[in-house]
Amino acid sequence: MNTTTPETPQKPAAPRPVRAAATLIVLRDEGRGLEVLMLRRAEKANDQNSGASVFPGGVIDAHDRSLHAQCSGLDDDAASARLAVPEGGLDYYAAAIRECFEEAGLLFATDPSGALVKLDGLPSDRLAAMRDAAVQGTDALLALCAEHGWRLAVDRLTYFTHWLTPPGMPRRFDTRFFLALMPAGQSVRPDGSETVEHMWLKPAEAVDPARGLKLMNVTRRILEQLAQFVSANEVIAHARGLRHIPRVMPRLANGPKGRRPVNMEEPAYDEVGLVDPDGEGHGRYAHEAGLVMRLSTRVVRVTASDASDDGAQGKLAHSYFVGTSNGDCALIDPLPLTPAHLAALVAAAPGRVRHILSTQALTAESTHALASLRATWPDASIDPPAPGEKLALGEATLQACAGMDGASSRQFLLIEDQTLFIGLSPANTADSAGQLQWIAPRHGFMRRPIAT
């Protein structure tokens, strides 16, 4: 049996620092349509992105603000407004250009005439010296711009998306992603230290498992988004039309295929945030028969399958114990009552079961099945409480409410957690998915607790 039922809250780990970062997604159209520049990171110990294929980028340097005076086409007020930050938005644009030059050898800068610089015309030894100097610090890029009269072309960058590394990762980054067209007269040159190889790929090629690239979740998701567009200009026009760019933060969770990020549109996302906001590893992205999880100090969920005795795969259903540990509790939706599920319920019960409840309209068969539980919990009532009736369960209070189909079913509000248990039919689950207001016990559909 899979269990996750801590009886006492664990002391939260110290929050990991979040570092601001900027990434530049370089695009081109070369006959085959939209292509994106991918760099392969060097293999390094203790690097969570070792060997991954990535876009050029890195953390904001404390000295990136000194590059503001060398930026053209956008000031800090405009950049900050676009990124929805109080100030320092231009730091991200400047850092994206700096990191792209350091890692890929591409410099988004204009000459005194306003044209993008063409680095391919420079002697190779001079270009290499410029790259080496830039890697040593921001001051070298400042000196380079001053020497040639160049200005960082921040207006050639288009803000595209905003991602925050999940809680629980060894290193966390708050990253702004920008788009830019590949500058003419320049060639990609990986630095050989941070990046060791470059590729121009169609986004769909990059995410194809046959390609075998190691991709971080954020990189894969952005590539999947880019694959919806035909040309680089189409992507950039789309990004320029975005009024609001929300922050995207996956969450880490465990499941049948090991630990992985759960993205915000996945059904498990809100549940993982509720039970494991700090990414300590006890959230789950998949429900499995026999899984027992403590969702709060007052709620324990037990997952069952209605699989038949012949071993055929069944649908999952969920039962909930509501109440405080070692006190009185209510059991919501114990059916289907297979021997395995009954054993799991007995093992998971946090206290004395005083009420056995159902969110579904009771039939003669289901009423008989509930009554059979009296053999296990002889003190439990199976009578459905009237709408408005409150059940005192130690430090938990459960209030019965009329069901979605009227008096023949019930909903139950856990007042202290402001969480509503409601039985949804499979046809209604998708329709209700945007309402963010309830847990649906029978189908494992869980959203944020309701607000008063």
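The table that follows gives values for the structure above.
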item: Only listed residue being at negative phi and surrounded by 18 or more Cβ atoms within 10 Å (Cβ to Cβ), chosen from 184, 204, 232; result: 232
item: Test: residue in segment 152-167 that is more than 35 Å from the chain's Cα centre (by Cα) and at negative phi; result: no
item: Helices (runs of 4 or more DSSP H) fully within segment 109-215 counting 2 or more residues that are at pLDDT 95 or above, of a type in the set (A, V, I, L, M) and farther than 22 Å from residue 74 by Cα; result: 203-207
item: Every residue from segment 20-37 that is out of contact with any strand residue (DSSP E or B) (no Cβ under 8 Å at 6 or more places or on another chain) and in contact (Cβ under 8 Å) with a residue 24 or more places away in the chain; result: 32, 33
item: Residue in segment 47-54 that is loosely packed, with under 15 Cβ neighbours inside 10 Å, of a type in the set (Asp, Glu) and modelled with pLDDT under 95 present; result: yes
item: Residue check for residue 289: open to solvent by 50 Å² or more (accessible area, probe 1.4 Å), under 19 Å from residue 26 (Cβ atoms), among the small types (Gly, Ala, Ser) and touching a helix residue (DSSP H, G or I) at 6+ places or on another chain (Cβ under 9 Å); result: no
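The values are calculated or read from the model by the stated rules, or taken from the named source; none is laboratory data. Small disclaimer: the values here were computed from a predicted structure and weren't measured. Ideal geometry is used to build each Cβ from the backbone, glycine not excepted, and the neighbour counts take in all protein chains shown. Note: areas computed on protein heavy atoms with side chains; ligands, DNA, RNA excluded. Shrake-Rupley method; radii C 1.70, N 1.55, O 1.52, S 1.80 Å.
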